[in-house]
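Structure, as C-alpha coordinates:
The values are calculated or read from the model by the stated rules, or taken from the named source; none is laboratory data. Everything numeric here is computed off the predicted structure, so don't read it as measured data. Because the Cβ atoms are built from the backbone with ideal geometry, glycine has one as well, and the counts that use them run over all protein chains shown.
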Amino acid sequence: MIDVLIAGGGYVGLSLAVSIKKAAPHLAVSLIDGAPGDAWKKDERASAIIAAASQMLDVLGIWSEIEPEAEPIRRMVITDSKTADPVRPVFLTFEDEAVEGRPFAHMVPNVALVGALRKAADNLGVEIRQSTAAAGFKSGAHSVSVALANGETIEARLLVACDGVRSKLRDAAGIKTVDFDYGQSGIVTTVEHERPHDGTAEEHFLPAGPFATLPLKNNRSSLVWTERTRDADRLIASDDLVFEEELERRFGHKLGTLKVVGGRRAFPLGLTLARDFIAPRFALAGDAAHGIHPISGQGLNLGFKDVAALAETIVDADRLGLDIGSLAVLERYQSWRRFDTFRMGLTTDVLNRLFSNDITPVRALRDFGLGIVDRLPSVKSFFIRQASGLGGQSEPKLLGGQPI
(Lines give C-alpha, C1' and ligand atoms only; values in the text may rest on other atoms or scores of the structure.)
Protein backbone atom coordinates (compact mmCIF):
# COMPACT_ATOMS: atom_id res chain seq x y z
CA MET A 1 0.00 0.00 0.00
CA ILE A 2 1.18 3.52 -0.82
CA ASP A 3 1.48 5.92 2.10
CA VAL A 4 0.75 9.16 0.25
CA LEU A 5 -0.78 9.41 -3.23
CA ILE A 6 -0.63 12.87 -4.79
CA ALA A 7 -2.88 13.82 -7.72
CA GLY A 8 -1.31 16.60 -9.80
CA GLY A 9 2.16 16.99 -11.30
CA GLY A 10 2.59 20.76 -11.01
CA TYR A 11 4.85 22.60 -8.57
CA VAL A 12 2.51 21.92 -5.60
CA GLY A 13 2.25 18.17 -6.10
CA LEU A 14 5.95 17.78 -6.86
CA SER A 15 7.17 19.95 -3.98
CA LEU A 16 4.88 18.07 -1.57
CA ALA A 17 6.27 14.73 -2.75
CA VAL A 18 9.86 15.97 -2.41
CA SER A 19 9.22 17.53 1.02
CA ILE A 20 7.71 14.34 2.47
CA LYS A 21 10.20 11.96 0.90
CA LYS A 22 13.23 14.03 1.93
CA ALA A 23 12.11 14.17 5.57
CA ALA A 24 10.79 10.59 5.75
CA PRO A 25 12.50 8.41 3.10
CA HIS A 26 10.74 5.27 4.34
CA LEU A 27 7.29 6.57 3.35
CA ALA A 28 6.05 5.37 -0.05
CA VAL A 29 5.03 8.45 -2.05
CA SER A 30 3.50 8.28 -5.53
CA LEU A 31 2.28 11.01 -7.87
CA ILE A 32 -0.21 10.76 -10.72
CA ASP A 33 -0.28 13.38 -13.46
CA GLY A 34 -2.91 13.46 -16.18
CA ALA A 35 -0.77 15.60 -18.49
CA PRO A 36 1.57 14.08 -21.10
CA GLY A 37 5.11 13.53 -19.87
CA ASP A 38 6.72 16.51 -21.61
CA ALA A 39 3.83 18.99 -21.31
CA TRP A 40 5.59 20.96 -18.54
CA LYS A 41 8.47 21.75 -20.91
CA LYS A 42 6.14 23.88 -23.06
CA ASP A 43 5.18 26.28 -20.26
CA GLU A 44 6.54 29.73 -21.20
CA ARG A 45 5.34 31.45 -18.02
CA ALA A 46 7.38 32.61 -15.04
CA SER A 47 6.33 32.91 -11.40
CA ALA A 48 7.22 35.12 -8.45
CA ILE A 49 8.88 33.10 -5.68
CA ILE A 50 8.87 34.93 -2.35
CA ALA A 51 11.83 34.79 0.05
CA ALA A 52 10.19 32.23 2.35
CA ALA A 53 9.50 29.91 -0.60
CA SER A 54 13.08 30.21 -1.87
CA GLN A 55 14.28 29.27 1.64
CA MET A 56 12.04 26.21 1.47
CA LEU A 57 13.43 25.23 -1.94
CA ASP A 58 16.93 25.69 -0.52
CA VAL A 59 16.17 23.21 2.27
CA LEU A 60 14.85 20.79 -0.34
CA GLY A 61 18.21 21.05 -2.10
CA ILE A 62 17.05 22.53 -5.39
CA TRP A 63 17.37 26.32 -5.05
CA SER A 64 21.02 26.21 -6.16
CA GLU A 65 19.83 24.62 -9.41
CA ILE A 66 17.02 27.15 -9.90
CA GLU A 67 18.86 30.32 -8.83
CA PRO A 68 20.95 30.77 -12.03
CA GLU A 69 17.65 31.07 -13.95
CA ALA A 70 16.04 33.35 -11.36
CA GLU A 71 15.91 37.15 -11.54
CA PRO A 72 15.75 38.92 -8.15
CA ILE A 73 13.06 41.55 -7.64
CA ARG A 74 14.96 44.35 -5.90
CA ARG A 75 12.46 47.16 -6.28
CA MET A 76 8.67 47.40 -6.52
CA VAL A 77 6.92 50.47 -7.95
CA ILE A 78 3.16 51.06 -7.69
CA THR A 79 1.31 53.65 -9.78
CA ASP A 80 -2.35 54.55 -10.22
CA SER A 81 -3.55 56.14 -13.45
CA LYS A 82 -5.76 55.93 -16.52
CA THR A 83 -4.48 54.22 -19.66
CA ALA A 84 -4.33 57.48 -21.60
CA ASP A 85 -2.62 59.53 -18.87
CA PRO A 86 0.66 61.01 -20.22
CA VAL A 87 2.26 60.84 -16.75
CA ARG A 88 1.96 58.04 -14.20
CA PRO A 89 2.86 59.36 -10.76
CA VAL A 90 4.56 56.87 -8.46
CA PHE A 91 2.62 56.56 -5.21
CA LEU A 92 4.48 53.73 -3.48
CA THR A 93 7.97 52.25 -3.82
CA PHE A 94 9.49 49.29 -2.01
CA GLU A 95 13.28 49.11 -2.00
CA ASP A 96 14.38 46.71 0.69
CA GLU A 97 15.56 43.19 1.42
CA ALA A 98 13.41 40.84 3.47
CA VAL A 99 16.44 39.27 5.15
CA GLU A 100 20.13 40.02 4.98
CA GLY A 101 21.37 39.35 1.46
CA ARG A 102 18.08 37.89 0.18
CA PRO A 103 15.68 39.86 -2.07
CA PHE A 104 12.03 39.67 -1.04
CA ALA A 105 11.20 37.73 -4.23
CA HIS A 106 12.62 36.21 -7.42
CA MET A 107 11.07 35.63 -10.83
CA VAL A 108 11.61 32.02 -11.88
CA PRO A 109 10.71 30.40 -15.24
CA ASN A 110 8.15 27.67 -14.59
CA VAL A 111 10.17 25.23 -16.69
CA ALA A 112 13.19 25.67 -14.41
CA LEU A 113 11.09 25.26 -11.26
CA VAL A 114 9.17 22.16 -12.35
CA GLY A 115 12.25 20.63 -13.99
CA ALA A 116 14.27 20.90 -10.77
CA LEU A 117 11.40 19.47 -8.70
CA ARG A 118 10.91 16.52 -11.06
CA LYS A 119 14.63 15.75 -10.92
CA ALA A 120 14.61 15.86 -7.12
CA ALA A 121 11.51 13.66 -6.96
CA ASP A 122 13.14 11.10 -9.23
CA ASN A 123 16.37 11.08 -7.20
CA LEU A 124 14.39 10.52 -3.98
CA GLY A 125 12.47 7.58 -5.42
CA VAL A 126 9.06 9.19 -5.87
CA GLU A 127 7.03 7.16 -8.35
CA ILE A 128 5.46 9.41 -11.02
CA ARG A 129 2.68 7.95 -13.15
CA GLN A 130 2.24 10.11 -16.23
CA SER A 131 -0.73 10.53 -18.60
CA THR A 132 -3.33 9.14 -16.22
CA ALA A 133 -5.57 10.90 -13.72
CA ALA A 134 -7.70 9.94 -10.75
CA ALA A 135 -11.25 9.19 -11.88
CA GLY A 136 -12.66 8.84 -8.37
CA PHE A 137 -11.97 7.49 -4.90
CA LYS A 138 -13.60 5.84 -1.93
CA SER A 139 -12.38 6.34 1.63
CA GLY A 140 -12.38 3.45 4.11
CA ALA A 141 -11.45 3.06 7.74
CA HIS A 142 -7.76 2.42 7.06
CA SER A 143 -7.14 3.41 3.43
CA VAL A 144 -8.49 5.20 0.39
CA SER A 145 -9.11 3.34 -2.86
CA VAL A 146 -8.35 5.51 -5.89
CA ALA A 147 -9.63 4.56 -9.34
CA LEU A 148 -7.44 5.78 -12.21
CA ALA A 149 -8.65 6.73 -15.67
CA ASN A 150 -6.62 3.86 -17.16
CA GLY A 151 -8.61 1.29 -15.14
CA GLU A 152 -6.08 0.71 -12.36
CA THR A 153 -6.90 1.01 -8.67
CA ILE A 154 -4.42 2.22 -6.06
CA GLU A 155 -4.71 1.83 -2.29
CA ALA A 156 -3.19 4.59 -0.18
CA ARG A 157 -3.29 5.80 3.41
CA LEU A 158 -3.78 9.39 2.24
CA LEU A 159 -4.85 11.04 -1.02
CA VAL A 160 -3.84 14.66 -1.65
CA ALA A 161 -5.56 16.58 -4.46
CA CYS A 162 -3.30 19.12 -6.18
CA ASP A 163 -5.34 19.05 -9.39
CA GLY A 164 -6.09 22.73 -9.87
CA VAL A 165 -8.81 25.27 -9.20
CA ARG A 166 -11.43 23.13 -10.99
CA SER A 167 -10.48 20.07 -8.95
CA LYS A 168 -12.56 17.03 -9.80
CA LEU A 169 -11.35 15.25 -6.69
CA ARG A 170 -12.54 18.15 -4.51
CA ASP A 171 -15.98 17.74 -6.05
CA ALA A 172 -15.83 13.96 -5.58
CA ALA A 173 -15.07 14.53 -1.88
CA GLY A 174 -18.21 16.66 -1.58
CA ILE A 175 -16.27 19.74 -0.49
CA LYS A 176 -18.14 22.96 -1.29
CA THR A 177 -16.49 26.19 -2.41
CA VAL A 178 -17.06 29.93 -2.21
CA ASP A 179 -16.89 31.25 -5.79
CA PHE A 180 -16.95 34.67 -7.43
CA ASP A 181 -16.29 35.56 -11.08
CA TYR A 182 -14.61 38.95 -11.47
CA GLY A 183 -15.49 39.27 -15.15
CA GLN A 184 -11.77 39.79 -15.75
CA SER A 185 -9.08 37.78 -17.48
CA GLY A 186 -5.33 37.85 -16.96
CA ILE A 187 -3.28 38.06 -20.15
CA VAL A 188 0.14 36.46 -19.66
CA THR A 189 3.06 36.95 -22.05
CA THR A 190 6.77 37.82 -22.15
CA VAL A 191 8.33 40.91 -23.73
CA GLU A 192 11.86 41.91 -24.61
CA HIS A 193 12.95 45.54 -24.24
CA GLU A 194 15.94 47.69 -25.18
CA ARG A 195 16.91 48.99 -21.75
CA PRO A 196 17.58 47.02 -18.54
CA HIS A 197 14.86 46.83 -15.89
CA ASP A 198 17.41 46.78 -13.04
CA GLY A 199 15.37 44.22 -11.14
CA THR A 200 12.34 46.52 -10.91
CA ALA A 201 8.81 45.16 -10.84
CA GLU A 202 5.97 47.59 -11.53
CA GLU A 203 2.25 47.37 -10.88
CA HIS A 204 0.12 49.93 -12.66
CA PHE A 205 -3.41 50.15 -11.34
CA LEU A 206 -5.56 50.88 -14.38
CA PRO A 207 -9.38 51.11 -14.55
CA ALA A 208 -9.75 47.59 -16.01
CA GLY A 209 -7.38 46.04 -13.48
CA PRO A 210 -3.68 45.86 -12.58
CA PHE A 211 -0.99 45.72 -15.25
CA ALA A 212 2.11 44.11 -13.73
CA THR A 213 5.59 43.94 -15.27
CA LEU A 214 7.97 41.50 -13.58
CA PRO A 215 11.71 41.31 -14.32
CA LEU A 216 13.30 38.37 -16.10
CA LYS A 217 16.85 37.78 -17.25
CA ASN A 218 18.29 39.16 -20.51
CA ASN A 219 16.28 42.40 -20.74
CA ARG A 220 12.93 40.62 -20.64
CA SER A 221 9.85 41.06 -18.50
CA SER A 222 6.91 38.81 -17.70
CA LEU A 223 3.51 40.50 -17.94
CA VAL A 224 0.32 39.83 -16.03
CA TRP A 225 -2.16 42.13 -17.75
CA THR A 226 -5.69 42.26 -16.31
CA GLU A 227 -8.56 43.27 -18.61
CA ARG A 228 -12.30 42.80 -18.68
CA THR A 229 -12.88 39.37 -20.17
CA ARG A 230 -14.48 40.60 -23.40
CA ASP A 231 -11.52 42.95 -24.01
CA ALA A 232 -8.97 40.26 -23.14
CA ASP A 233 -10.58 37.87 -25.63
CA ARG A 234 -10.44 40.58 -28.29
CA LEU A 235 -6.76 41.28 -27.60
CA ILE A 236 -5.79 37.60 -27.68
CA ALA A 237 -7.58 37.20 -31.02
CA SER A 238 -6.06 40.38 -32.54
CA ASP A 239 -3.05 40.45 -34.85
CA ASP A 240 0.44 41.16 -33.53
CA LEU A 241 0.39 44.84 -34.55
CA VAL A 242 -2.81 45.62 -32.62
CA PHE A 243 -1.70 43.59 -29.60
CA GLU A 244 1.71 45.28 -29.39
CA GLU A 245 0.16 48.73 -29.85
CA GLU A 246 -2.25 48.15 -26.95
CA LEU A 247 0.60 46.69 -24.91
CA GLU A 248 2.80 49.72 -25.53
CA ARG A 249 0.03 52.08 -24.36
CA ARG A 250 0.11 50.35 -20.98
CA PHE A 251 3.80 49.50 -20.71
CA GLY A 252 5.11 52.92 -21.78
CA HIS A 253 8.45 53.79 -23.39
CA LYS A 254 10.80 53.95 -20.40
CA LEU A 255 12.52 50.68 -21.39
CA GLY A 256 12.68 51.49 -25.10
CA THR A 257 11.28 49.43 -27.95
CA LEU A 258 9.19 46.41 -26.95
CA LYS A 259 8.90 43.04 -28.66
CA VAL A 260 6.59 40.19 -27.66
CA VAL A 261 8.81 37.09 -27.46
CA GLY A 262 6.42 34.58 -25.84
CA GLY A 263 3.02 33.19 -26.60
CA ARG A 264 0.02 35.06 -25.24
CA ARG A 265 -2.76 33.45 -23.26
CA ALA A 266 -5.69 34.70 -21.19
CA PHE A 267 -6.92 33.08 -17.99
CA PRO A 268 -10.30 33.87 -16.38
CA LEU A 269 -9.93 35.46 -12.96
CA GLY A 270 -12.11 34.72 -9.97
CA LEU A 271 -12.13 33.83 -6.31
CA THR A 272 -12.49 30.17 -5.30
CA LEU A 273 -12.07 29.12 -1.69
CA ALA A 274 -12.73 25.59 -0.45
CA ARG A 275 -14.92 25.54 2.66
CA ASP A 276 -12.92 22.61 3.99
CA PHE A 277 -9.34 21.54 3.23
CA ILE A 278 -9.75 17.96 4.42
CA ALA A 279 -12.06 14.94 4.42
CA PRO A 280 -11.47 11.37 5.64
CA ARG A 281 -8.09 10.27 4.19
CA PHE A 282 -8.15 13.25 1.83
CA ALA A 283 -6.58 16.73 1.72
CA LEU A 284 -6.54 19.66 -0.70
CA ALA A 285 -3.47 21.75 -1.52
CA GLY A 286 -2.62 24.55 -3.93
CA ASP A 287 -5.22 25.83 -6.37
CA ALA A 288 -7.52 22.93 -5.51
CA ALA A 289 -7.93 24.62 -2.11
CA HIS A 290 -7.85 28.25 -3.23
CA GLY A 291 -7.81 30.35 -6.38
CA ILE A 292 -7.25 34.08 -5.83
CA HIS A 293 -6.74 37.20 -7.94
CA PRO A 294 -3.10 37.71 -9.05
CA ILE A 295 -3.14 41.34 -7.82
CA SER A 296 -0.85 40.44 -4.89
CA GLY A 297 1.32 37.87 -6.69
CA GLN A 298 0.68 35.39 -3.87
CA GLY A 299 -1.21 32.57 -5.59
CA LEU A 300 1.76 30.28 -6.20
CA ASN A 301 3.24 31.09 -2.81
CA LEU A 302 0.02 30.13 -1.02
CA GLY A 303 0.54 26.72 -2.59
CA PHE A 304 4.07 26.50 -1.19
CA LYS A 305 2.69 27.40 2.25
CA ASP A 306 0.18 24.54 1.92
CA VAL A 307 3.00 22.17 1.02
CA ALA A 308 5.18 23.19 3.97
CA ALA A 309 2.29 22.83 6.43
CA LEU A 310 0.95 19.54 5.06
CA ALA A 311 4.39 17.92 4.76
CA GLU A 312 5.23 18.86 8.36
CA THR A 313 1.85 17.56 9.55
CA ILE A 314 2.34 14.20 7.79
CA VAL A 315 5.97 13.71 8.84
CA ASP A 316 5.37 14.68 12.48
CA ALA A 317 2.40 12.32 12.70
CA ASP A 318 4.43 9.47 11.20
CA ARG A 319 7.25 10.02 13.70
CA LEU A 320 4.74 9.78 16.52
CA GLY A 321 3.29 6.57 15.13
CA LEU A 322 -0.06 8.18 14.28
CA ASP A 323 -2.29 7.42 11.30
CA ILE A 324 -1.27 10.05 8.71
CA GLY A 325 -4.64 9.85 6.95
CA SER A 326 -6.87 10.29 9.97
CA LEU A 327 -9.03 13.38 10.39
CA ALA A 328 -7.47 14.01 13.80
CA VAL A 329 -4.04 14.37 12.17
CA LEU A 330 -5.24 16.30 9.11
CA GLU A 331 -7.13 18.80 11.30
CA ARG A 332 -3.76 20.32 12.24
CA TYR A 333 -3.10 21.10 8.58
CA GLN A 334 -6.54 22.59 8.08
CA SER A 335 -6.32 24.84 11.12
CA TRP A 336 -2.83 25.91 10.03
CA ARG A 337 -3.83 26.97 6.54
CA ARG A 338 -7.55 27.76 6.30
CA PHE A 339 -7.58 31.11 8.12
CA ASP A 340 -4.50 32.41 6.27
CA THR A 341 -6.02 31.39 2.96
CA PHE A 342 -9.35 33.09 3.66
CA ARG A 343 -7.51 36.20 4.86
CA MET A 344 -5.46 36.38 1.65
CA GLY A 345 -8.54 35.70 -0.49
CA LEU A 346 -10.41 38.52 1.21
CA THR A 347 -7.41 40.87 0.89
CA THR A 348 -7.01 40.31 -2.84
CA ASP A 349 -10.77 40.62 -3.35
CA VAL A 350 -10.88 44.01 -1.58
CA LEU A 351 -7.76 45.26 -3.39
CA ASN A 352 -9.16 44.28 -6.78
CA ARG A 353 -12.49 45.99 -6.11
CA LEU A 354 -10.73 49.08 -4.74
CA PHE A 355 -8.29 49.53 -7.61
CA SER A 356 -10.15 48.11 -10.65
CA ASN A 357 -12.35 51.15 -11.15
CA ASP A 358 -12.18 54.79 -12.21
CA ILE A 359 -14.44 56.41 -9.60
CA THR A 360 -12.79 59.78 -8.83
CA PRO A 361 -13.42 59.89 -5.04
CA VAL A 362 -12.21 56.29 -4.68
CA ARG A 363 -9.08 57.06 -6.71
CA ALA A 364 -8.33 60.08 -4.54
CA LEU A 365 -8.76 58.07 -1.35
CA ARG A 366 -6.62 55.13 -2.44
CA ASP A 367 -3.85 57.38 -3.79
CA PHE A 368 -3.82 59.30 -0.52
CA GLY A 369 -3.48 55.99 1.34
CA LEU A 370 -0.62 54.80 -0.88
CA GLY A 371 1.16 58.10 -0.36
CA ILE A 372 0.85 57.86 3.42
CA VAL A 373 2.29 54.30 3.42
CA ASP A 374 5.20 55.46 1.24
CA ARG A 375 6.17 58.00 3.91
CA LEU A 376 6.16 55.51 6.80
CA PRO A 377 9.29 53.30 6.70
CA SER A 378 8.15 51.04 9.53
CA VAL A 379 4.83 50.34 7.79
CA LYS A 380 6.58 49.68 4.49
CA SER A 381 8.97 47.28 6.24
CA PHE A 382 6.01 45.42 7.74
CA PHE A 383 4.31 45.08 4.35
CA ILE A 384 7.43 43.85 2.61
CA ARG A 385 8.07 41.23 5.29
CA GLN A 386 4.48 40.06 4.94
CA ALA A 387 4.83 39.91 1.15
CA SER A 388 8.07 37.94 1.47
CA GLY A 389 6.37 35.37 3.74
CA LEU A 390 8.73 36.08 6.62
CA GLY A 391 6.33 37.98 8.85
CA GLY A 392 4.61 35.11 10.65
CA GLN A 393 5.60 33.64 14.01
CA SER A 394 4.07 30.19 13.49
CA GLU A 395 5.07 29.39 9.92
CA PRO A 396 6.01 25.81 9.04
CA LYS A 397 9.69 24.93 9.42
CA LEU A 398 10.43 24.71 5.70
CA LEU A 399 9.35 28.32 5.12
CA GLY A 400 11.75 29.40 7.86
CA GLY A 401 14.63 27.60 6.16
CA GLN A 402 14.62 24.66 8.59
CA PRO A 403 14.30 20.96 7.70
CA ILE A 404 11.29 19.08 9.03
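Just checking, does region 95-115 include any residue being within 21 Å of residue 191 (Cα to Cα), surrounded by 14 or more Cβ atoms within 10 Å (Cβ to Cβ) and at pLDDT below 90? Spell out the reasoning first.
As a first pass, look at region 95-115 and keep what is within 21 Å of residue 191 (Cα to Cα): 105-113.
In the following step, the residues that additionally are surrounded by 14 or more Cβ atoms within 10 Å (Cβ to Cβ) were identified as 105-113.
Of the ones still in play, those that are also at pLDDT below 90 are none.
No: zero hits.
Selection over region 277-291 of residues that are farther than 18 Å from residue 339 by Cβ and either over 17 Å from the mean Cα position of the chain (by Cα) or part of a loop (DSSP other than H, G, I, E, B) (or both) gives a count of 4. From the list 52, 48, the one residue that fits, being closer than 28 Å to residue 371 by Cα and assigned to a helix (DSSP H, G or I), is 52. For beta carbons closer than 6 Å, sequence separation of 6+ or different chains, a first residue in region 159-173 that is part of a helix (DSSP H, G or I) and a second that is surrounded by fewer than 20 Cβ atoms within 10 Å (Cβ to Cβ), the qualifying pairs are 172/136. Out of all the residues in region 181-201, is one or more on the phi > 0 side of the Ramachandran plot and in a loop (DSSP other than H, G, I, E, B)? Among the residues of region 181-201, at least one is on the phi > 0 side of the Ramachandran plot and in a loop (DSSP other than H, G, I, E, B), which makes the answer yes.
Of all residues in region 292-309, those satisfying the criterion of being free of Cβ contacts under 8 Å to residues at least 60 places away in the same chain and in a helix (DSSP H, G or I) are 299, 302.
Considering only region 8-48, state which residues are among the aliphatic types (A, V, I, L, M) and over 30 Å from residue 191 (Cβ atoms).
The answer is 16, 17, 18, 20, 23, 24, 27, 28, 29, 31, 32.
If you check 271, 235, which single one turns out to be part of a strand (DSSP E or B) and under 30 Å from residue 302 (Cβ atoms)? Talk me through it step by step, then tell me what you get.
Working: 235 fails: part of a strand (DSSP E or B).
Going through 271, 235 in turn, just one is part of a strand (DSSP E or B) and under 30 Å from residue 302 (Cβ atoms): 271.
Looking at region 310-333 only, could you name the residues that are aliphatic (A, V, I, L, M), touching a residue at least 40 places away in the same chain (Cβ under 8 Å) and either in contact with a Cys (Cβ under 7 Å, 6 or more places away or on another chain) or in a helix (DSSP H, G or I) (or both)? Outline the logic, then answer.
From region 310-333, those aliphatic (A, V, I, L, M) are 310-311, 314-315, 317, 320, 322, 324, 327-330; that's our starting set.
Within this subset, residues satisfying the condition of being touching a residue at least 40 places away in the same chain (Cβ under 8 Å) are 310-311, 314-315, 324, 327, 330.
Matches in region 310-333: 310, 311, 314, 315, 327, 330.
Okay, residues lined up against (1) under 18 Å from residue 77 (Cβ atoms); (2) surrounded by fewer than 15 Cβ atoms within 10 Å (Cβ to Cβ); (3) in contact (Cβ under 8 Å) with a residue 12 or more places away in the chain:
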| residue | (1), (2), (3) |
| --- | --- |
| 187 | no, no, yes |
| 200 | yes, no, yes |
| 216 | yes, no, yes |
| 225 | yes, no, yes |
| 229 | no, no, yes |
| 256 | yes, yes, yes |
| 269 | no, no, yes |
| 272 | no, no, yes |
| 286 | no, no, yes |
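In the set 302, 320, 273, which member is more than 24 Å from residue 163 (Cα to Cα) and hydrophobic (A, V, I, L, M, F, W, C)? Show your work before the answer.
Numbers: 302 fails: more than 24 Å from residue 163 (Cα to Cα); 273 fails: more than 24 Å from residue 163 (Cα to Cα).
Criteria check complete, one pass: 320.
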